[in-house]
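To start, the structure under review is shown below, and the notes come after it.
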């Protein structure tokens, strides 16, 4: 089963324990208003255009057959993502985001580094997007990686039917599990979906004796940082067997990608909590659970 991915990042230290290779899969059931990887939302190829790199050589316009046809017939030009414009772009201003890959070919790409990760307890992290949208591809990759000493982590929103998650559990060393809101109304408002399935899956995973769950909470000032919301999240975590809880302050590194995708950024006023607010949130959560840390992954 081939997978649809858009990036491979080697020797990262922000996607689980130790040194790791992070594999970014395309497609996500959530539409988080603050998403820092908008190129991971759509389960399809996408065209990127970086205006800062463009030298106006117009090679792209000459190469694009769809544009020629559209101009001749005075019709609206619609990109079919053929990639001809990217092929002739001398500066990389135009590029295709996303490509398909077979598990054995991807393993060949990531395998050379895995032995270097052993001493740190590192390995491979599947992130996105939402990697659980491609469970068959994950299973094929897991079986290949399990023949090494590398650990496997899955960075997930938990928005997937549990029947697709359960067969993967025996291969996964760490679930990096996002909990964005306790309030369902706020979750719908800012992500477009209910958090009922997400929280139900979290409880099932955290209650198992054979899972290591790392809860990750992205924190956006005046969105999910109120005393009430943090207390409700704390109650969800209370009594659960967790490896750790990581607090991640908002950052705007995804803003440039919105521009390259030609998508509007609807919430430009988002901001990170102050350091004092982050410490306050950490101390509040420590009343409900252990091992809470502030993680800045910019």
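The values are calculated or read from the model by the stated rules, or taken from the named source; none is laboratory data. Only a predicted model underlies this, so the values are computations on that prediction, with no experimental measurement involved. Virtual Cβ from ideal backbone geometry, glycine too; neighbours counted across all protein chains shown.
Annotations for the structure displayed:
- Among the candidates 211, 225, 253, residue that is more than 20 Å from residue 169 (Cβ to Cβ), touching a strand residue (DSSP E or B) at 6+ places or on another chain (Cβ under 7 Å) and in contact (Cβ under 8 Å) with a residue 24 or more places away in the chain: 225
- Filter result for the condition that a residue is in contact with a strand residue (DSSP E or B) (Cβ under 9 Å, 6 or more places away or on another chain) and either surrounded by fewer than 17 Cβ atoms within 10 Å (Cβ to Cβ) or modelled with pLDDT under 95 (or both), over 129, 123: 129
- With respect to (1) more than 18 Å from the chain's Cα centre (by Cα); (2) closer than 23 Å to residue 294 by Cα, the lone exception for residue 184 is condition (2).
- Qualifying residues in segment 30-40 (those that are in a loop (DSSP other than H, G, I, E, B) and in contact with a helix residue (DSSP H, G or I) (Cβ under 6 Å, 6 or more places away or on another chain)) - the one nearest to residue 252 (Cα to Cα): 33
- Any hit, segment 231-247, residues being assigned to a helix (DSSP H, G or I) and in contact with a strand residue (DSSP E or B) (Cβ under 8 Å, 6 or more places away or on another chain): yes
- Residue 246 being buried (at least 16 other Cβ atoms within 10 Å of the Cβ), under 22 Å from residue 128 (Cα atoms) and either outside the structural domain of residue 180 (by TED's automatic domain parsing) or modelled with pLDDT of 95 or more (or both): yes
- All of (1) touching a residue at least 24 places away in the same chain (Cβ under 8 Å); (2) surrounded by fewer than 23 Cβ atoms within 10 Å (Cβ to Cβ) hold for residue 153 with one exception: (2).
- Residue that is surrounded by fewer than 16 Cβ atoms within 10 Å (Cβ to Cβ) and closer than 19 Å to residue 17 by Cβ, where the choices are 171, 162: 171
- Failed item, numbered, when residue 43 is tested on (1) outside any loop (DSSP other than H, G, I, E, B); (2) in contact with a strand residue (DSSP E or B) (Cβ under 7 Å, 6 or more places away or on another chain); (3) surrounded by 15 or more Cβ atoms within 10 Å (Cβ to Cβ): (1)
- Filtered residues of segment 1-18 (kept if buried (at least 20 other Cβ atoms within 10 Å of the Cβ) and part of a loop (DSSP other than H, G, I, E, B)): 15, 16, 17
- Any hit, segment 86-94, residues being on the phi < 0 side of the Ramachandran plot, touching a residue at least 40 places away in the same chain (Cβ under 8 Å) and buried (at least 18 other Cβ atoms within 10 Å of the Cβ): yes
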